[in-house]
1. Report the extension gain between residue 523 and residue 575 in nm, rounded to one decimal, defined as 0.36 nm multiplied by the number of residues separating them, less their alpha carbon distance.
2. Per 0.36 nm of contour for each residue apart, how much would the distance between residue 139 and residue 639 grow if the chain were fully extended, relative to their Cα-Cα spacing?
3. What is the calculated FRET efficiency for residue 456 to residue 54, with r their C-beta to C-beta distance and R₀ = 45 Å, to the nearest 0.05?
4. Could you give the nm distance between label points at residue 554 and residue 260, where each point is 7 Å from its Cα heading toward the beta carbon?
5. Express the C-alpha Rg of the chain as a ratio against the empirical globular expectation 2.2 N^0.38 Å, rounded to two decimals.
6. Cβ neighbours within 10 Å, averaged per peptide: list 136-148, 644-656 in order, most packed at the top.
7. FRET efficiency for residue 205 and residue 318, Cβ-Cβ distance as r, R0 = 25 Å, nearest 0.05?
8. Could I have the simple spin-label model distance between residue 238 and residue 371, label points 7 Å from Cα toward Cβ, reported in nm to one decimal?
C-alpha cells in the first residue's frame, strides 16, 4: 500500500504541466497576498484584475518549464518554487516597515542593508531567517538525493520552453501596447498593486538605466539646446553660502488628518513656512529610498525614467560622472562639501560624491561629540557645529549638501525611551511608533531653530534650503494627509538677508534649478532647461531625452564630450595624523596587565582605528591624541597608520604612516621573539651590529 502511494505521488509529479500549473497558481496567489497584506486581498486580485493575474501566472509557469531540460526535473522545480516564495516572503517582510516594495535594486543595496539589519529586525527574527535558509538548504539537499532522475526528451522539452516563453512574450507586447501593462513605473508601490508582484519584480531585474527614447536624435537635442541657450546668462547679484539640508523622514505631522498631539512637535518649521519661500516638494519615494530623492535634487534628473526600483547611485554613477549643482557652483567659485551624520559608505556616497563634483565629504566617522537617539541613530544636533565649522574654515563661498539621519525608521512597536508629546487619533498599535517619530521631529525642529540662530549672526549671506527626503513609514495613505499625496514633503528656503517670498510647489528634480534661478546662477545646462522649458507641453519628454543623452547616449548636449571629471574627494574636514607609536605593558579593560600598542597623534575620535599594513585591528579610543590596541605585535618594518572606519570596518581614509622599529618603539624591554626577529632581519639585510 505504501509503495502504491509512493508511486502515485511520483506519478503525479511526473505530470510536468499539471504540477507546474498548480505550483504557479499557488505561488502567484501567495506572492500577491503578501504584496497586498492579506489572503483576502490576494484572492480578490484574481477577480478584480483577471488579465493581470493570468499573465503573472503564465510568467511563473514559463519559468517552471525550464525544469524539463534537466534530468533532476523535480529538484529544479523545487529550487524555482523555493526561490520564488523567498522573493514573495521578502517583499511581504519589507512592506511591514517600509512603503516601497521589494525590487531587484535592493540586491545592489545588500551591503547597506546589512549594516542596519539590527534596526529593522530583532535578534529572534534574524535567527529565524537564518534557520529558514538553513532548513531550505537541507531540504534542497535531501530532495536532490531522494528525487528520481528522469530522461530528458530534448525536442519536446525545447518545444515546451519555447512555446511558453513565446506565449509570455506575445502577451507582454500585446498588454503593453493595449495599456494593460506598463514599463514606466512613476509610483513603484502602485505599480506592484496594479501589475502584480511577479511582473514588476521581473521588470526591476531586467530593466536598468534609461532606454533610448523614440524621439532621441541629434536634431531633437539641438532643438532643446537652442531653447536652453536662447537667453543670456545673468550676473548674480548675491552669492550667498548655500546649504541644502535634507531632513530624514521629516514632515509637518500636523498635516495628518485626525491626529492630535498634546503639543505641537514642529512649531518652528511652521513659523518658517509662513515667513519664507516654501511649498510642497514631490519626491520619488515613500518611507525609504533617501538616495533617490538626493539624486533628483543634486542632478535635476527625474528617477522615473530609470528602471523599476533602480538606485542610480548603485548603477550608472558607479562608472560615470554627471552634471550636478555641485559642478555648477564650482564654476562660480564655490567650495562644495557633502555632510552626513551616518556611515560614509551608506549608499556608496564615499565614491559616488566624487562622481558628483564634491570636493569633500564629512561623514559620521569624522564628527565629534555625537549623541544618539533611542534607536541608535545619530542626532542631528551634531550637524550644527559641523556646518558652522565648514563655513568658517574656507575663505571662498560654500555649498554644503547636508543629509540628516535622526528621523530614520524603523519606528518601534513598543514604547522606547521617554516621550513628552502624546498622540491620539491613530490605531492603538501605532501609538508607540508615532510618539517615537514625533519625539525625533520635535528635536529636529529645535535643531533647525538653533542652526538658523547661528546662521543669522554669521557675517556672510547664507541661504538654507531645508526639506524632508520622504514621508515616514507610519502606515499612512493618501487620504490620511491634508494634501492627499504621500509623495509630497515640504521645503522652506531660509536666508539671513532680505529676499522675495515666493511660494511654489515643485518636483524634487526642479528644486536646485529653482534655487539657482533665484540667484541668477544659470551656468548648468540642466538648470537652464528646467528654468526655461518647464512650461512646454513636451517638458518631460525633453527631460527624458536629455537624461538619456548625458548618461547613456552620445552627450550631444555637451558637443559629444562629458565635461565633468571626477573629483579627488577628501574625506573629512579636519587634519588627522600620527606622531609616534610605542608598545608597553599596561592594564587592559579587564584589569589585567597586557602589552598595548599605543599610537599618539592628533584629531582622533571614536571612529579612529589603528591599521597595520592597511589591516584594521580592534582599537580602543582613549582621547583625541591617543589610541591603543591590545594583543598586537607589529613586526620590524610594518607600516602603522590610523584610519577612519565605520560600522562596516571599511577604511575611508588613512593618516601618514610610521615604520615600526622594534629597537626604538618598545618602551618595555624587547622579549625573545622581538630580539630573534630583529637579529634575523639584520642578518638578511647584511647589516652589522
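Read-outs: derived from the displayed coordinates by stated rules, not from any lab. Quick caveat, the model's predicted, so the values are computed rather than measured. When we count neighbours, we look across all protein chains shown, and the Cβ atoms used for this are built from the backbone with ideal geometry, even at glycine.
1. 15.4 nm
2. 175.1 nm
3. Rounded to the nearest 0.05, the efficiency is 0.10.
4. My value for the distance between the label points is 6.6 nm.
5. Working: Rg = 29.4 Å, N = 689, 2.2 N^0.38 = 26.4 Å.
Against the empirical 2.2 N^0.38 Å value, I get 1.11 for the chain.
6. Numbers: 136-148: 12.5, 644-656: 17.8.
Highest to lowest by the protection proxy: 644-656, 136-148.
7. Once rounded, the FRET efficiency stands at 0.90.
8. 3.2 nm
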